[in-house]
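In what follows, a structure is listed as structure tokens, so that the remarks can point back to it.
The values are calculated or read from the model by the stated rules, or taken from the named source; none is laboratory data. All values derive from a computational prediction rather than experimental measurement. Positions of Cβ are backbone-derived with ideal geometry, glycine not excepted, and every protein chain shown enters the neighbour counts.
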Amino acid sequence: MRSEILYPGAFPMVRVELAAGEHIKAESGAMVASSPTIDIESKMEGGFLGALSRKLLTGEKFFFQTLRASRGPGEVLLAPTVPGEIVIMELDGVNEYMVQKDGFLAGADSVAIESKMQSLTRGLMGGEGFFLLKIGGKGTLILNSFGAIHKIELKPDQEYIVDNSHLVAWSATTSYNIEKAASGWVASFTSGEGFVCRFRGPGVVYIQSRNPGSFGAWVRQFIPVSE
Amino acid sequence: MTEFQPNALCFGQEFPASGEPCLVQVEDHGITVMFLSGAAEDRSESASFSALTVAAGGFDHDQLVVRWVGAAGERTLYLKHPDVIRAFRQAAPDQLRAPLDRAAEHVRQARHRHRMVWSVIGGTVLVVVLGLWFGSDLLVEMAVDRIPVEWEQKLGESAYKDFLAQQDVMKEGVAVSAVEEITHRLVEQIPNSPYKFEVTVVKSDVVNAFALPGGYIVVFTGLMKKADSGEEVAGVMGHELNHVLQRHGLERIVKQLGLVAVLSIVLGNHQGLAGMMKQLGVELLTLKFGREQETEADLTGLQLLHRAKIDPSGMIRFFEQLSEKDEGRTEWLSTHPMSGARAERLKAELAAMPKMVPAPFSFDWTKVRGALGGEPAAKP
């Protein structure tokens, strides 16, 4: 499989070329167009209970869709729901990434996805909920963000502070602590940041340049209130 | 050269920030790290155990972090594969044993804490859910106790008037006086009742009778036509009166209104609740009582009949008769599911009661039924 980002920027798409017999899994609803040789199957990753728990716990879609080049080679166009960048990563079997629930767009079939429960403090205050996707295995992984994706590279023991709602994905070799943004409680919230995550390297942290929650709040004020 | 699968990530100045995949081999003297791709392809580095420091690390604190300063600079190795970690622990000399044990202890503690916190949360949620499930009846009773009788009467009255406005009410006649006599006989056996019972006879072929909160009772002529004696009607009315006395209607409403309403009553906020209850007023007419409430009304109804010296076997006979006839129009049955066990239970209860000599009613039931247009009572 070969993948390429079309129209990089705010409204990108991914073109994935599949050889005959190859297949990828994608977030359900991600397919925009495909060659006639591609079949779409919906598949519950991790069995019914796995899919159900992922749906209930992480809020991820219940089904992934599997796009299979069952009648010869072909291509698929995929796009995320929200405007924002797409990043293509090659997993090497050793690297693992924690991905917040909306960040997954598609992945090779050999990519393993599991829901991972995180600790109470991180879950309560981290802003990504109690469950994350832990994505490992080998092959192509395609993530999407709201806004542009920015990659932060951390050397061992290097620290960086990220507003929790801007997180997309981070290496499993990093760890983070939740902290107040400012030294005082009041200042933390009046600064508009609330809680932040202090990441500690080594590893890579992908962040998005826009905050979905704040954007939602901003849009809400323009929606006419109807009875 | 055989194809190696990387089993660890190595971090260093010249490696990518996400780490360089590498193959770690544990040997007697230390470890050898082989790089399989990238800029450092086919290169290997070794470090002796004496140069290494170890700690637990990673997002879940489940990786073994090995650090050393080699010829190529600082190296940080993240080991995750359980086999490699096991091999490392087995081969490590004594001076690394203490830090390794500390790292392992750290991992265990983190896992333990994680598990503890989640089991406490899970347990609490379970207890709350179970508590609400089993304790809801208690809460409902507590809430109902705090609702004043005047409220109940207002509520029942508005539903009662709404209902009667659409019905053909029978104002006078032998049937009405018969029902009034039965009511009087029963009510005089309820001393200190906060309710003023009001009974109305409605012309309808529906075999039914119901009670609204506050003491408003409706008897349909269909039920009277079906009954073979005044005692049978008295049995049904005794049952319905007890729904009122035990405030069953209110209990059902409170249950339907939900826990928030229950809490607001218990905590003393009656204001907003009046509106909600009024809305439910119409639903009162279709109110079904729970099985426990039915049994309670059966038993207390039986006791009431006994005190009023009305033959309680009429009640049991009527119940049995209704359960035998499986007619679609027998409304009373749909809200009062009849079962053999229920009649049996009443019989057993009756047998345990002291004997009493029933005092007959002053009306002639045959005439009452005749006035209603029903077939004359079959002589037993």
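Quick one: B:D228 ticks every box in (1) in contact with a Gly (Cβ under 6 Å, 6 or more places away or on another chain); (2) among the charged types (D, E, K, R); (3) not in a helix (DSSP H, G or I) except a single one, so which number is it?
Among (1) in contact with a Gly (Cβ under 6 Å, 6 or more places away or on another chain); (2) among the charged types (D, E, K, R); (3) not in a helix (DSSP H, G or I), the lone unmet condition for B:D228 is (1).
Just a yes or no: is a residue in region B:140-161 surrounded by fewer than 15 Cβ atoms within 10 Å (Cβ to Cβ), polar (S, T, N, Q) and at negative phi?
So far as region B:140-161 goes, no, none of its residues is surrounded by fewer than 15 Cβ atoms within 10 Å (Cβ to Cβ), polar (S, T, N, Q) and at negative phi.
Pick out the one residue from A:K55, A:K61, A:K101, A:K25 that is modelled with pLDDT under 90, assigned to a strand (DSSP E or B) and charged (D, E, K, R).
Values: A:K55 fails: assigned to a strand (DSSP E or B); A:K61 fails: assigned to a strand (DSSP E or B); A:K101 fails: assigned to a strand (DSSP E or B).
Only one candidate passes the filter, namely A:K25.
Just name the residue that is nearest to the chain's Cα centre (by Cα) out of those in region B:52-89 that are within 12 Å of chain A (Cβ to nearest Cβ) and small (G, A, S).
Looking at the filtered set, the residue picked out is B:G58.
Could you look through region A:200-226, keep only residues that are assigned to a strand (DSSP E or B) and under 18 Å from the mean Cα position of the chain (by Cα), and pick out the one that is farthest from the other protein chains (Cβ to nearest Cβ)? Spell out how you get there, then give the answer.
Residues of region A:200-226 that are assigned to a strand (DSSP E or B), as a first pass: A:200, A:203-208.
Subset that is under 18 Å from the mean Cα position of the chain (by Cα): A:203-208.
On the way: A:G203: 6, A:V204: 4, A:V205: 9, A:Y206: 10, A:I207: 14, A:Q208: 18 Å.
Top of the filtered list is A:Q208.
Can you pull out every residue in region B:130-174 that is touching a residue at least 12 places away in the same chain (Cβ under 8 Å), of a type in the set (F, W, Y) and farther than 16 Å from B:F210 by Cα?
Within region B:130-174, B:W151 is the sole residue that qualifies.
For the condition of a type in the set (K, R), in the same structural domain as B:R252 (by TED's automatic domain parsing) and touching a strand residue (DSSP E or B) at 6+ places or on another chain (Cβ under 8 Å), what is the one hit in B:K154, B:K203?
Numbers: B:K154 fails: touching a strand residue (DSSP E or B) at 6+ places or on another chain (Cβ under 8 Å).
Within the list B:K154, B:K203, the selection yields B:K203.
Of the numbered conditions (1) modelled with pLDDT of 80 or more; (2) not in a helix (DSSP H, G or I), B:I147 fails exactly one; give the number of that condition.
Going through (1) modelled with pLDDT of 80 or more; (2) not in a helix (DSSP H, G or I) one by one, B:I147 breaks only (1).
Would you point out which residue out of B:A104, B:A92, B:A110 is in contact with a Leu (Cβ under 7 Å, 6 or more places away or on another chain) and either facing another protein chain (nearest Cβ under 10 Å) or not polar (S, T, N, Q) (or both)? Walk me through how you get there before you give the answer.
Values: B:A104 fails: in contact with a Leu (Cβ under 7 Å, 6 or more places away or on another chain); B:A110 fails: in contact with a Leu (Cβ under 7 Å, 6 or more places away or on another chain).
Of B:A104, B:A92, B:A110, the one residue that is in contact with a Leu (Cβ under 7 Å, 6 or more places away or on another chain) and either facing another protein chain (nearest Cβ under 10 Å) or not polar (S, T, N, Q) (or both) is B:A92.
Here is a yes/no grid of residues against (1) touching a residue at least 12 places away in the same chain (Cβ under 8 Å); (2) within 9 Å of chain A (Cβ to nearest Cβ); (3) crowded, with 18+ Cβ neighbours inside 10 Å; (4) acidic (D, E):
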residue: B:P16; (1), (2), (3), (4): yes, yes, no, no
residue: B:H29; (1), (2), (3), (4): yes, no, no, no
residue: B:V33; (1), (2), (3), (4): yes, no, yes, no
residue: B:S37; (1), (2), (3), (4): yes, yes, no, no
residue: B:D42; (1), (2), (3), (4): no, no, no, yes
residue: B:E45; (1), (2), (3), (4): yes, no, yes, yes
residue: B:S50; (1), (2), (3), (4): yes, no, no, no
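Would you mention how many residues in region A:66-104 are away from chain B (no Cβ under 14 Å) and among the aromatic types (F, W, Y)?
The number of residues fulfilling the criteria is 1.
So which residues in region B:184-205 are more than 21 Å from B:R247 (Cβ to Cβ) and either within 33 Å of the chain's Cα centre (by Cα) or not in a loop (DSSP other than H, G, I, E, B) (or both), if there are any at all?
If the condition is that a residue be more than 21 Å from B:R247 (Cβ to Cβ) and either within 33 Å of the chain's Cα centre (by Cα) or not in a loop (DSSP other than H, G, I, E, B) (or both), then B:H184, B:R185, B:V201, B:V202 are the ones that fit.
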